[in-house]
Each structure stands twice: as C-alpha cells, then as structure tokens.
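Following: one structure in structure tokens, then a few remarks.
Throughout, read-outs are computed from the coordinates displayed, never taken from laboratory work. None of the values given here were measured: they were computed from a predicted structure. Virtual Cβ from ideal backbone geometry, glycine too; neighbours counted across all protein chains shown.
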Amino acid sequence: MTGDKPSHKHEDRNGGSGSAGRLEIDAPVVADGPELYRITRDSAVLDVNSSYAYLLWCRDFSQTSAVARVDGAVVGFVTGFIRPDAPDTLVVWQVAVDASQRGGGVAGKLLNHLVDRVVARGVRFLETTITPDNTASIKLFSALARDRAAEIHSSELFTADLFPDSHLGEDLYRIGPFDAA
Ligand SMILES: CC(C)(COP(=O)(O)OP(=O)(O)OC[C@H]1O[C@@H](n2cnc3c(N)ncnc32)[C@H](O)[C@@H]1OP(=O)(O)O)[C@@H](O)C(=O)NCCC(=O)NCCS
C-alpha cells in the first residue's frame with residue numbers, strides 16, 4: 001500500500017463493481033461530514049450518530065479517519081481514534097462503503113491507508129467492535145489481519161444486556177501487532 005506522501009493521499013483506479021473512476025483516499029475535511037452521515041444512514045446496518053457527530057469527527061479526528069472518493073464524490077469512510085488509555089491502539093469506530101461501490105476493495109484500502117498513517121505515529125494495534133451477525137465486517141477485518149500478517153483475537157465486550165435498547169452484543173476484535181513503519 002502506498003500513501004506515504006506528505007499529504008498521506010492514496011490514489012488508485014477503482015477496480016470494483018462500482019463505476020470505474022479514480023479512487024482517492026485521504027483524511028476527511030469538515031465538509032465531508034454530511035456524506036459520512038448519509039452513507040451511515042443508507043447502510044441500514046450501522047448505528048446512525050447525529051449529523052453533528054460526523055462534523056465534529058471530521059474536524060477533531062481527521063488524523064485517525066479517512067475518506068474514499070471516486071472522481072471527487074465520497075463513496076466510503078472510516079472513522080477512528082487513538083485510545084486515550086492505550087496510545088498504541090487505534091479504535092475503528094465506523095467503516096462503511098456506499099452500496100454502489102461495495103465488493104471492489106474500497107473498505108480494505110481505507111483500512112490499510114489508515115493503518116499506514118497511524119503506524120507512523122507509533123500505533124501497533126487496531127481494535128473494533130462488531131455484532132456477531134455482521135459477516136461482511138468480520139471478513140473485512142480478518143482480511144486486514146491476514147494481509148498485514150497480524151494476529152486477530154475476538155472477545156466479548158459489550159453484551160446485549162448492557163444496551164438500553166434492542167441491540168446485539170458487540171464483540172471486541174483486536175488486531176496486531178503491526179510492523180513498525
Ligand atoms: C463492510 C463493508 C464496509 C465492506 O466494504 P467493501 O468495500 O465491500 O469491502 P472490500 O471489498 O474492501 O472487502 C474486504 C474483504 O471483506 C470481504 N467482504 C466484504 N464484504 C463481504 C460480504 N458481504 N460477505 C463476505 N465477505 C465480504 C471481501 O471478500 C474482502 O476479503 P478478501 O480480501 O478475503 O476477499 C461494506 O459492506 C459496508 O459498508 N457495510 C455496511 C456497513 C458495515 O457493516 N460496516 C462495518 C461495521 S463498522
């Protein structure tokens with residue numbers, strides 16, 4: 001994976017099932033917030049946070065997040081943060097790709113781009129939570145671990161009884177250690 005130019009921009013041809021076009025991956029800017037909200041809402045799978053949350057994330061967590069654009073239009077994103085109690089750990093909060101672009105490697109490229117960026121800052125592990133019914137997400141993170149020759153472990157984190165609404169339990173997936181930059 002490339003992307004180590006000063007801007008950390010990654011450019012590629014999108015070879016997926018979606019429309020062919022130039023795929024660019026970079027850190028988000030505030031103006032991307034509404035598109036992150038839209039893609040999340042349209043996924044019909046992810047928890048939809050407030051539109052405000054996506055604007056705030058694009059402002060304050062852009063260095064641990066990434067957006068994918070095809071011919072300038074946002075088609076996917078990953079949001080994350082460095083865990084305050086574990087500065088060597090990136091927590092991936094949400095990752096989603098517009099339905100029109102799925103199956104073409106966009107999510108994998110987003111994750112690898114982001115890992116490349118944060119490894120340069122000393123991050124060695126990635127954590128995320130996944131509900132047991134989300135096969136696509138489990139496959140996505142398993143592929144990331146495989147491609148980076150890293151271990152992947154899952155354990156219970158937030159069991160269903162902790163949620164005040166009807167929500168499946170969220171299992172913790174921890175991947176790493178990643179090779180140092
Ligand atoms: C999960 C999601 C982000 C995957 O995006 P994508 O761009 O289609 O994923 P990629 O093409 O990069 O695939 C990456 C890997 O996951 C696998 N994968 C992706 N979607 C899959 C699916 N529906 N079923 C099985 N495997 C799947 C791919 O085969 C690939 O593995 P491989 O390298 O072994 O072939 C997308 O389906 C999505 O936005 N879903 C709704 C939101 C969501 O569930 N997000 C994850 C939880 S935060």
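Tell me the net charge near GLY169. Cut-off is 9 Å between Cβ atoms, GLY169 excluded, with +1 for each Lys or Arg and -1 for each Asp or Glu.
Numbers: positive: none; negative: GLU156, ASP161, GLU170, ASP171.
With Lys, Arg at +1 and Asp, Glu at -1, the net is -4.
Using only Cα atoms, locate the centre of the range 120-160 and the centre of the range 43-88, then give the distance between them in Å, rounded to an integer.
17 Å
Please find, in a Gaussian network model of the chain (springs between Cα atoms separated by less than 10 Å), the residue of LEU168, LEU114, LEU90 whose mean-square fluctuation is greatest.
Largest GNM mean-square fluctuation: LEU168.
Where both partners of a DSSP beta bridge lie in the chain, what percent of those bridges are antiparallel, to the nearest 5? Show your work: numbers first, answer last.
Values: 32 of 36 bridges.
Of all bridge pairs located within the chain, approximately 90 percent are antiparallel.
So what is the calculated 222 nm ellipticity per residue for the chain, using -39500 (n - 2.57) for each DSSP H run with n of 4 or more, over all residues, to the nearest 500 deg cm²/dmol?
Details: 4 runs with 48 residues, N = 181.
-8000 deg cm²/dmol, from helical runs alone.
Rounded if a/c is under 1.5, else prolate if a/b is larger than b/c, else oblate: which is the range 28-181, with a ≥ b ≥ c the root eigenvalues of its Cα gyration tensor? Spell out each step's value before the answer.
Numbers: a/c = 1.34, a/b = 1.07, b/c = 1.26.
Verdict is rounded for the range 28-181.
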